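Asker: Here's a structure for you.
The values are calculated or read from the model by the stated rules, or taken from the named source; none is laboratory data. Owing to the predicted nature of the structure, the values given are computational and were not obtained by experimental measurement. Cβ placement follows ideal geometry from the backbone for every residue including glycine, while neighbour counts extend to all protein chains displayed. These accessible areas exclude ligands, DNA and RNA; they are computed on the full protein's heavy atoms, side chains included. Shrake-Rupley method; radii C 1.70, N 1.55, O 1.52, S 1.80 Å.
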Amino acid sequence: MKHPASREFFAYWDGKRGDARAPDRSEIDPNAVRGLLGDVFVLSCDAKAGYPFRVAGTRVCALLGRDVKDRSFPALFDTGSRGEIAEIIAAVADEMLPVIAGLTATSQHGALTHLELLLLPFNTRAHAPISLTGMLAPFDTDGGVLGELTLSSWRYIHPPQPALVPRALRKLRIARGFMVYEGLR
């Protein structure tokens, strides 16, 4: 992650998930990330509807030149990137793996703008619609409205692996009741 806002939002999300693969949507407190809310959005994981925005921050809407609520997220991308971004969103929701992506877009003034996209899953609950959150943060902007987004790079952010523990200690961790292991000191 290169953008400081992405790092801050990811750190907050990561702290909320603890040992789980993702935090519950109700655990995210907007007041805790108040300074980031303009760049934050929530997507509905409904492929047939085109992964529409449920909520979008003011800076996201300003970058895109319109209110994007209920509009398709992949539709913001050029035709070469739409299928790939839809697959990435589906993988984030299904596999519960965060994604960081690099994007580019040309502003209405003709300047090339580089952006960072962060997609973070929420823990799924029975009988509740699946959604994910994300952040769209520009590195530089000339204040103009952006055209179509182009996906330039992306990668999954894998959760840290637990440290390897010797076999005898693993056995002791899961053992219940009184056990005697000969030869351990």
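Asker: Could you list, ordered by first residue, the pairs with Cβ atoms under 7 Å in which the first is in the range 74-100 and free of Cβ contacts under 8 Å to residues at least 40 places away in the same chain and the second is among the basic types (Lys, Arg) and in a helix (DSSP H, G or I), at least 6 apart or interchain?
Answerer: What qualifies is Pro74/Arg82.
Asker: Here's something else I'd like to know. Name the single residue that is nearest to the chain's Cα centre (by Cα) among those in the range 134-159 being aliphatic (A, V, I, L, M), under 19 Å from Pro98 (Cα atoms) and in a strand (DSSP E or B).
Answerer: Step by step, filter the range 134-159, then rank; the result is Met135.
Asker: Part of a loop (DSSP other than H, G, I, E, B) and more than 27 Å from Gly15 (Cα to Cα) - does that describe any residue in the range 76-86?
Answerer: Among the residues of the range 76-86, at least one is part of a loop (DSSP other than H, G, I, E, B) and more than 27 Å from Gly15 (Cα to Cα), which makes the answer yes.
Asker: Identify the residue in the range 56-69 that is open to solvent by 50 Å² or more (accessible area, probe 1.4 Å) and part of a helix (DSSP H, G or I) and, among all such residues, is farthest from Leu151 (Cα to Cα).
Answerer: That would be Thr58.
Asker: Oh, and also: Give the range 90-110 a look and list any residue that's of a type outside the set (Gly, Ala, Ser) and crowded, with 21+ Cβ neighbours inside 10 Å, or say none.
Answerer: Hits for the range 90-110 are Val92, Pro98, Val99, Ile100, Leu103.
Asker: A further question follows. What about Ile85, is it in contact with a strand residue (DSSP E or B) (Cβ under 6 Å, 6 or more places away or on another chain) and open to solvent by less than 30 Å² (accessible area, probe 1.4 Å)?
Answerer: Details: in contact with a strand residue (DSSP E or B) (Cβ under 6 Å, 6 or more places away or on another chain): yes; open to solvent by less than 30 Å² (accessible area, probe 1.4 Å): yes.
So Ile85 fits the description; yes.
Asker: Sticking with this structure for a sec: Report, by residue number, each residue of the range 22-48 that is under 14 Å from Leu132 (Cβ atoms) and open to solvent by less than 60 Å² (accessible area, probe 1.4 Å).
Answerer: Ala22, Pro23, Asp24, Ile28, Val40, Phe41, Val42, Leu43, Ser44, Cys45
Asker: Report whether or not Phe53 is within 19 Å of Ala137 (Cα to Cα), surrounded by 14 or more Cβ atoms within 10 Å (Cβ to Cβ), without any contact (Cβ under 8 Å) to a residue 40 or more places away in the chain and not polar (S, T, N, Q).
Answerer: Criteria met by Phe53.
Asker: Is it the case, given these coordinates, that Ser72 is crowded, with 19+ Cβ neighbours inside 10 Å and polar (S, T, N, Q)?
Answerer: Working: crowded, with 19+ Cβ neighbours inside 10 Å: no; polar (S, T, N, Q): yes.
The answer is no for Ser72.
Asker: Can you tell me which residue within the range 134-165, out of those that are open to solvent by 80 Å² or more (accessible area, probe 1.4 Å) and at pLDDT below 65, is farthest from Gly15 (Cα to Cα)?
Answerer: Applying the filter and picking the extreme gives Leu164.
Asker: Using beta carbons and a limit of 7 Å, which pairs, at least six apart or on different chains, have the first residue in the range 14-38 and closer than 21 Å to Cys61 by Cα and assigned to a helix (DSSP H, G or I) and the second one open to solvent by less than 70 Å² (accessible area, probe 1.4 Å) and aromatic (Phe, Trp, Tyr)?
Answerer: Hits for this filter: Val33/Phe9; Val33/Tyr12; Leu36/Phe9.
Asker: Suppose we filter the range 111-133 for residues that are open to solvent by less than 60 Å² (accessible area, probe 1.4 Å), of a type in the set (A, V, I, L, M, F, W, C) and either under 18 Å from Leu63 (Cα atoms) or part of a strand (DSSP E or B) (or both); how many remain? Can you show your working first?
Answerer: Of the range 111-133, the ones open to solvent by less than 60 Å² (accessible area, probe 1.4 Å) are 111, 113, 115-122, 128, 131-133.
Checking the rest, the ones that are also of a type in the set (A, V, I, L, M, F, W, C) come to 111, 115, 117-120, 122, 128, 132.
Checking which are either under 18 Å from Leu63 (Cα atoms) or part of a strand (DSSP E or B) (or both) leaves us with 111, 115, 117-120, 132.
The total comes to 7.
Asker: Also: If I filter the range 1-13 down to residues being assigned to a loop (DSSP other than H, G, I, E, B) and open to solvent by 50 Å² or more (accessible area, probe 1.4 Å), which single residue comes out as modelled with the highest pLDDT?
Answerer: Step by step, filter the range 1-13, then rank; the result is Lys2.
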